[in-house]
Amino acid sequence: GMEGGSGSAASSRNSSSNSIASLKMEEAKTGAVMFFKSHTTADMLPESAKVTVLHSEVSLKHVFLILHANEIPAACVWDDAAGDFAGVVSVKDLSRLVMSLKDHPEKTLKEVAEGISIRQWFEANPRKTRGGRQIEAGPDDTLWDVCQLLCADTRWVPVVERNPDTGAVLQMVAYNLIIRYLIYQQFHQELEMLGEPLSDLGIGTFGSKVVTASANTPFGEILQILADKSISSIPILNDDGTLLDVFCQTDILIWAAKELDYDPSLSARDALALRSGPKDVTRLHTCNSSDPFSSILKKFAASRARRLVCVSPEHVVEGVVTLSDIFRFFLTPTSPA
């Protein structure tokens, strides 16, 4: 759990010049925590939501096609034999499948994906559990509960309504849903007070720790970097070192449009040009280190992005801020100064 932190508010008051700003920030953090603890996942349910649930006997080829067609990164899986949900299948699984091809050079992605069902994949790659149960939330669980699950390295939490004889998935919750709900329900007035620049808050990954790749990097190599560094996206740079785009784990789905004719040597530049959907819908959302925290939060809420790439005025990458970073900031008690 990440609760606690008593005594931290008092000690943070005695910092000097920007004590007003940091007090406002403390209030905002306290307000966010109160909000998370006093709202349930049911409160956040839209009037109507389309939820994709896949059958555990479906092949991974179909997972590729269905996630791609629905433009979703993950789906809940139903296991008929067990009469229960079996967990979540996601683009992370598809990346892992694609990466496993290098051990079987004689096989194509299409053959491998057609030949394995979600159930078989889950047997070989067990889902994370909590107390021996699949990770899920109920309609009465608070957003605080869900944030704890998301913080523990689960990117999507299904909200399952359980009756004695049946269960129904109400929605898939990820950080981007919660941040929109927080900003639009709770923080629209307070937001303007959060004027501290990003650079002062210690949120995100900056400097030499930022992982980037050139536009000429082969697709297979990029997947390897994401896996090795346990990250879900990587800024892609032009030849002059400026930011071209951001490669996300969901970009594995471009192969669905190419009939799973996977080519590990395809460059990042050419791969990103294959993305489907309207060309003006960008996945690349940027910010500056001088941006106030309020505008960072607004950008996340408005763009539905999972990450912002922080750039200099010359469009050189300085850092990356993810929604995980934002939630870690909100949920971590301020340490005594």
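Each reported figure results from applying straightforward, stated rules to the coordinates on display, with no laboratory input. Note that the structure is predicted; figures quoted are calculated from it, not measured. Cβ sites come from the backbone with ideal geometry, for glycine too, and all protein chains shown count toward neighbours.
What is the sum of charges around Ala174, taking Lys and Arg as +1, Asp and Glu as -1, for the other residues whose C-beta is under 12 Å from the C-beta of Ala174? With Lys, Arg at +1 and Asp, Glu at -1, the net is +4.
The simple spin-label model puts a point 7 Å past each Cα toward its Cβ; for Thr282 and Ala168 those points are separated by 4.1 nm.
The H on the amide N of Leu54, modeled in the peptide plane, is under 5 Å from the matching H of Cys76, Val77, Trp78, each at least 5 residues off or on a different chain. Placing a pseudo-label 7 Å from each Cα along the Cα-to-Cβ vector at Glu314 and Ala257 gives an inter-label distance of 3.3 nm.
Cross-link reach is defined here as a Cα-Cα straight distance under 30 Å, omitting same-chain residues fewer than 8 places apart; for Lys299 the lysines meeting it are Lys24, Lys29, Lys37, Lys50, Lys92, Lys209, Lys229, Lys279.
Using a cutoff of 8 angstrom between alpha carbon atoms and counting only pairs six or more residues apart, the relative contact order for the chain works out to 22 percent. What is the distance in Å between the Cα centroid of region 44-111 and that of region 299-322? For region 44-111 versus region 299-322, the Cα centre distance is 28 Å. For His39, the residues 5 or more places off, or on other chains, whose built amide H falls under 5 Å of its own are Leu143, Trp144.
With the biggest extent put first, the Cα atoms of the chain measure 65, 60, 32 Å across the principal axes. Across region 236-277 the C-alpha pair distances fall into 5 Å bins from zero in the proportions 5, 21, 32, 23, 11, 6, 2 percent. Using alpha carbons only, the radius of gyration of region 162-317 set against its Kirkwood radius gives Rg/Rh = 1.03. Can you list the residues of region 298-337 with backbone N under 16 Å from a point 7 Å past the Cα of Ile225, pointing along Cα to Cβ? Within reach of a label on Ile225: 309-310, 316-321.
Rounded to two decimals, the Cα-based Rg/Rh of region 17-89, with Kirkwood Rh, is 1.26. Under a Gaussian network description of the chain, with springs only between Cα atoms under 10 Å, the residue in Val157, Val146, Val58 that fluctuates furthest is Val58.
Relative contact order of region 31-144, taken over Cα pairs closer than 8 Å and 6 or more residues apart, is 39 percent. Residues whose amide H lies under 5 Å from that of Gln171, counting only those 5 or more places away or on a different chain, are Val159; hydrogens are built 1.01 Å from N in the peptide plane.
When the Cα atoms of region 91-200 are enclosed in a convex hull and the volume is divided per residue, what value in Å³ results? Show your work: numbers first, answer last.
Values: hull volume 20.7 nm³, N = 110.
It comes to 188 Å³ per residue, whole-number rounded.
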